[in-house]
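First the structure, in the form of structure tokens, and then the observations on it.
The values are calculated or read from the model by the stated rules, or taken from the named source; none is laboratory data. Small disclaimer: the values here were computed from a predicted structure and weren't measured. Because the Cβ atoms are built from the backbone with ideal geometry, glycine has one as well, and the counts that use them run over all protein chains shown. SASA here: full protein model, heavy atoms, side chains in, ligands and nucleic acids out. Shrake-Rupley method; radii C 1.70, N 1.55, O 1.52, S 1.80 Å.
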Amino acid sequence: MPGPRMSRSRIALGATAALGVIALAAAGVATGSAQAAPAGAAAPAAAAAATHRVLFDNTKAETAGNADWIISTSQPDPLGQDSTPNAETDWTGALSSWGVALQKAGGYSLNTLPSGRTITYGNSSNAQDLSNFNTFVLTEPNVKLSAAEKTAVMTFVKNGGGLFLISDHNNSDRNNDGCDSPCVINDLLTSNGVDNTDPFGFSVDLLDISTDNPRAISSSSDPVLHGPFGTVTGSILRDGTTFTLKPADNPNVKGLLYHTGSSGNSGAFFVTSTFGSGRVAIWGDSSPADDGTGQSGNTLYDGWNDPAGTDAALALNATAWLSGSGSTTPPTTPPTGGTTGGGGSCTGGQLLANPGFESGASSWSASSGVINNSSGEPAHAGSYKAWLDGYGTATTDTVSQSVTIPSGCSARLSFWLHIDTAETGSTAYDTLKVQVLNSSGTVLSTPATYSNANAASGWTQRTFDLSAYAGQTITLKFTGTEGSKLQTSFVIDDVAITIS
């Protein structure tokens with residue numbers, strides 16, 4: 001069995017820096033032991049138990065005119081207004097019912113990107129960077145995204161994030177800048193710098209439909225129509241629009257609710273799709289998400305509780321699906337208003353071979369000396385573990401294994417991590433990336449990046465959702481990169497990919 005290289009200056013220092021994740025990708029969010037929020041973020045209550053992180057946007061004139069599309073006036077953290085909300089009026093905003101329902105459900109951590117800020121992806125200095133969230137909600141945006149912001153959003157989705165778009169009717173320009181929400185969304189879809197060729201398989205119709213009660217298609221297995229928050233039978237449309245579907249451009253596009261008299265590829269009112277490893281949903285009106293209360297001076301409408309629709313269940317189920325719950329993808333057949341696929345049985349189990357490294361490097365591909373039983377860094381359990389870096393010199397260590405996640409399964413990655421370092425301060429000099437690659441070696445997502453700034457005594461279990469990769473052969477890869485001066489040791493043990 002490979003042993004440690006004697007030239008390493010690895011020492012267990014028991015650094016006191018709080019252990020936290022610098023970047024969490026849309027594929028999943030760490031759960032387990034308590035951890036610090038990213039630098040600059042207001043730590044959400046019960047962060048240790050949060051499974052899904054949802055970011056609501058407030059940078060694109062979402063409160064212009066009579067709009068009040070926010071979950072709370074406390075931003076970025078709504079818990080600053082009320083840390084234990086029981087009623088939607090405990091938070092102020094026309095989307096507060098949505099936010100409070102998720103908060104009360106448990107398993108969700110909510111933030112708002114405040115007005116004046118910029119949408120980013122991969123910016124470690126931004127606590128509300130999209131890489132820190134599973135789902136991004138853009139409710140009736142009235143300002144075009146910049147070129148960089150469009151690229152950020154599309155890359156976020158491509159790498160496994162969930163995008164929830166809500167449009168409104170044509171000529172709904174609330175801030176009078178010449179571009180309303182259909183304009184903003186269609187611009188995102190056709191000029192984003194990542195894929196300008198109808199990436200999601202739908203476009204926003206330039207219509208103003210005064211009133212309708214769109215009905216849901218018959219689909220007993222669809223995770224949005226039949227999700228954890230109830231069954232969706234219909235919605236309301238009060239001055240909104242619809243969407244044209246183009247399954248030839250994206251076969252995963254699917255209409256779930258339709259304007260009365262419409263079906264197939266025209267007149268869809270609620271649509272889901274996928275892009276890369278991520279998921280997308282779009283709604284044709286802001287009225288269904290409006291709970292009727294918000295900041296003073298706004299004229300609002302309670303569509304959330306309107307008995308003509310099941311709008312709360314639709315919004316909440318879609319949020320759960322976008323965040324990683326439910327079936328991994330919509331069906332791959334064009335929508336017809338009939339039944340859907342996407343289900344299937346799954347035999348539970350653990351996929352990785354030699355998950356605790358007790359058979360040395362068997363079944364793993366690793367840099368020399370990474371998998372060892374050195375007493376300099378004790379294992380979490382047993383004798384062996386993967387010890388990346390720790391030299392105090394410029395080094396890159398890797399350890400990886402390929403697995404196939406069966407179709408129809410939910411999948412969860414878990415591992416135990418210990419970090420110690422001789423570095424001081426909060427600057428990230430040495431890093432550990434947790435990545436998912438496809439069979440060609442292309443990085444599909446980076447669920448987390450840790451650094452010397454995350455050092456702490458003891459072990460912490462990290463857990464991420466890999467359900468988006470069901471039906472695929474993937475490679476789980478850990479890459480430790482160390483600078484040329486002081487040592488940082490990233491020690492990993494008891495890795496598992498569990499399916500159910």
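Numbers at a glance
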| item | result |
| --- | --- |
| DSSP-defined beta bridges in the chain - what % are antiparallel, rounded to 5 | 80 |
| Cα-projected label distance for residue 346 with residue 207, points at 7 Å along beta-carbon direction, nm | 3.6 |
| Sum of -39500 (n - 2.57) over DSSP H runs of 4+, divided by residues of the chain (222 nm, nearest 500) | -2500 deg cm²/dmol |
| Of all accessible heavy-atom area on the chain, the percent that carbon and sulfur account for (1.4 Å) | 49 |
| Unit charges at the beta carbon, dipole of the chain: most positive-side option, 416, 91, 216 | 416 |
| Partner aspartates and glutamates for residue 433 [C-alpha distance under 19 Å; skip if fewer than 8 residues away on the same chain] | 129, 389, 397, 420, 423, 465, 482, 493, 494 |
| Length-normalised contact order for the stretch 62-196 - Cα pairs under 8 Å, 6+ apart - percent | 20 |
| Rounded if a/c under 1.5, otherwise prolate or oblate - the chain, Cα gyration tensor axes | prolate |
| Relative contact order %, the stretch 428-500, counting alpha carbon pairs below 8 Å whose residues are six or more apart | 41 |
| Prolate/oblate/rounded label for the stretch 71-230 (Cα gyration tensor, a/c 1.5) | rounded |
| Entries of 158/254; 150/246; 385/477; 158/485; 246/477 with Cα pairs more than 25 Å apart | 158/485; 246/477 |
| Surface per residue (accessible, 1.4 Å probe) for the chain, Å² | 34 |
| For peptides 475-482, 375-382, sequence by mean Cβ density within 10 Å, most packed first | 475-482, 375-382 |
| Summed side-chain charge close to residue 87 - residues other than residue 87 whose Cβ falls under 15 Å, Lys, Arg +1, Asp, Glu -1 | -4 |
| Computed over the chain: relative contact order in percent, which uses C-alpha pairs under 8 Å that are six or more apart | 18 |
| Approximate spin-label separation residue 177-residue 443, in nm, with each point projected 7 Å along Cα-to-Cβ | 3.1 |
| Stretchable slack from residue 404 to residue 305, in nm (0.36 nm times residue separation minus alpha-carbon distance) | 31.3 nm |
| Whether the stretch 147-283 is rounded, prolate or oblate, judged on the alpha carbon gyration tensor where a/c under 1.5 counts as rounded | oblate |
| The stretch 95-128 versus the stretch 380-397: alpha-carbon centroid distance in Å | 35 |
